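**Student:** Input: one structure, supplied below.
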Amino acid sequence: MEFNRWFIIGAILILMVFESAAAGRVIFDFHLNTDLHNESTHHRLCKDLGYDGLAILSAPEAYAYALKITNHSRKVYGSGAYIGAHYRPEAGIVLWDDDTVPRSDTPFYSSPAPTDPNTPCSLLDIYNKIWMSSGVNPKLGLCGNHKIQITESIGVILPGELQASSKAVLSVSQASRHLQCVLRCSMILECRAAQFNSDLLTCTVIGEYTPPAGSSFPVSNQIFTYVRVTF
Ligand SMILES: *[C@@H]1O[C@H](CO)[C@@H](O)[C@H](O)[C@H]1NC(C)=O
Ligand SMILES: *[C@@H]1O[C@H](CO)[C@@H](O)[C@H](O)[C@H]1NC(C)=O
């Protein structure tokens, strides 16, 4: 009975996510420039259109949305789209243009992203990966507003405890309802899962974790785990 209840709650939440997608509620404000230009020209065009700059894909949901709205053009033109991550010589790493550090699972060709001064620009390529580029060649460009707070995420709710051979606990806090815990995860870029304990009324936000080999997912009445989509 208990299991059924959690299952139904999970199903409702997933439905909510699908419904908001179907209703066209966009949580990221992106715009694709379909004329081919170099990176600096795209950056200027984005500014001229009123965007903060090139799109930042720091969250897996932003990346999924960017893939969706650029897919057709990237395939038809056989061209990547410039996005807002740059090699910063002063920091010695690639950062998103709002100064956030890319998550370790961000789909660059290597992790961390290559730090070559000759390839300071980034583009979402035709293989759905992020390629560091000189920025000189004419490509598509994806504009975006940077200051959008993420309050929604995509994932599934499973009744039971996350099995992991290692995991990074980002925070443990009080929560009265499981949805509060899901929301907390959505707002933290590094969150990959969140666990709600209905006995202790705690929400544990989890970052990087390693699932054990041949993992099972033991069902529990007290604990449910929100597993967020990853990159
Ligand atoms: C991406 O675009 C190509 C070419 O238009 C199309 O064949 C393919 O189905 C699209 N893929 C997705 C996931 O939309
Ligand atoms: C980008 O293109 C513009 C317009 O064609 C040109 O003036 C500019 O020098 C180019 N910049 C780079 C870095 O290639």
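The values are calculated or read from the model by the stated rules, or taken from the named source; none is laboratory data. None of these values were measured; they are calculated from a predicted model. Ideal geometry is used to build each Cβ from the backbone, glycine not excepted, and the neighbour counts take in all protein chains shown.
Listed here are the residues, each with its yes/no results for (1) more than 16 Å from ligand 2 (Cβ to nearest atom); (2) buried (at least 22 other Cβ atoms within 10 Å of the Cβ); (3) in a helix (DSSP H, G or I); (4) within 14 Å of the chain's Cα centre (by Cα).
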residue: 64; (1), (2), (3), (4): yes, no, yes, yes
residue: 74; (1), (2), (3), (4): yes, yes, yes, no
residue: 90; (1), (2), (3), (4): yes, no, no, no
residue: 105; (1), (2), (3), (4): yes, no, no, yes
residue: 110; (1), (2), (3), (4): yes, no, no, no
residue: 119; (1), (2), (3), (4): no, no, no, no
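**Student:** Look through 127, 226 and report the one residue that is surrounded by 17 or more Cβ atoms within 10 Å (Cβ to Cβ) and of a type in the set (Phe, Trp, Tyr).
**Tutor:** Being surrounded by 17 or more Cβ atoms within 10 Å (Cβ to Cβ) and of a type in the set (Phe, Trp, Tyr) holds for just one of 127, 226, which is 226.
**Student:** Pull out all pairs, ordered by first then second residue, where Cβ-Cβ is under 6 Å, the residues are six or more apart or on different chains, the first lies in the range 31-57 and is polar (S, T, N, Q), and the second is more than 11 Å from ligand 2 (Cβ to nearest atom).
**Tutor:** Correct list of pairs: 33/141; 34/73.
**Student:** Could you please give the count of residues in the range 201-223 that are surrounded by fewer than 17 Cβ atoms within 10 Å (Cβ to Cβ) and closer than 15 Å to residue 173 by Cα?
**Tutor:** 2
**Student:** Also, I was wondering about something else. Quick check, is residue 41 at pLDDT 95 or above, under 12 Å from residue 141 (Cα atoms) and within 16 Å of ligand 1 (Cβ to nearest atom)?
**Tutor:** No: the conditions fail for residue 41.
**Student:** Shifting gears a bit: In the range 121-132, which residues are away from ligand 2 (no atom under 16 Å from the Cβ), of a type in the set (A, V, I, L, M) and not in a loop (DSSP other than H, G, I, E, B)?
**Tutor:** Of everything in the range 121-132, those that are away from ligand 2 (no atom under 16 Å from the Cβ), of a type in the set (A, V, I, L, M) and not in a loop (DSSP other than H, G, I, E, B) turn out to be 124, 130.
**Student:** Examine the range 43-56 for a residue that is surrounded by fewer than 17 Cβ atoms within 10 Å (Cβ to Cβ), within 17 Å of the chain's Cα centre (by Cα) and part of a loop (DSSP other than H, G, I, E, B), and state whether such a residue exists.
**Tutor:** Taking every residue of the range 43-56 in turn, none turns out to be surrounded by fewer than 17 Cβ atoms within 10 Å (Cβ to Cβ), within 17 Å of the chain's Cα centre (by Cα) and part of a loop (DSSP other than H, G, I, E, B).
**Student:** Something else now. For the range 131-187, give me the residue count where each residue is closer than 24 Å to residue 40 by Cβ and free of Cβ contacts under 8 Å to residues at least 60 places away in the same chain.
**Tutor:** Result for the range 131-187: 3.
**Student:** Tally up the residues in the range 192-222 that are assigned to a strand (DSSP E or B) and either of a type in the set (Phe, Trp, Tyr) or modelled with pLDDT under 95 (or both), please.
**Tutor:** Residues that pass the stated criteria total 3.
**Student:** Tell me, yes or no, whether the range 172-186 has at least one residue that is in a strand (DSSP E or B) and either in the same structural domain as residue 61 (by TED's automatic domain parsing) or under 15 Å from residue 227 (Cβ atoms) (or both).
**Tutor:** Looking through the range 172-186, none of the residues is in a strand (DSSP E or B) and either in the same structural domain as residue 61 (by TED's automatic domain parsing) or under 15 Å from residue 227 (Cβ atoms) (or both).
**Student:** Among the listed residues 32, 36, identify the single one that is within 16 Å of ligand 2 (Cβ to nearest atom), in contact with a strand residue (DSSP E or B) (Cβ under 8 Å, 6 or more places away or on another chain) and either in the same structural domain as residue 124 (by TED's automatic domain parsing) or more than 23 Å from residue 192 (Cβ to Cβ) (or both).
**Tutor:** 36
**Student:** Can you tell me which residue among 141, 135 is in contact with a Leu (Cβ under 9 Å, 6 or more places away or on another chain), in a strand (DSSP E or B) and at pLDDT 95 or above?
**Tutor:** 141 is the lone residue from the list that is in contact with a Leu (Cβ under 9 Å, 6 or more places away or on another chain), in a strand (DSSP E or B) and at pLDDT 95 or above.
**Student:** Still on this structure, please answer the following. Could you check how many residues of the range 187-219 are in contact with a Phe, Trp or Tyr (Cβ under 9 Å, 6 or more places away or on another chain) and small (Gly, Ala, Ser)?
**Tutor:** 3
**Student:** Continuing with the same structure: Is there a residue being within 30 Å of residue 49 (Cβ to Cβ) and out of contact with any Leu (no Cβ under 6 Å at 6 or more places or on another chain) anywhere in the range 153-163?
**Tutor:** yes
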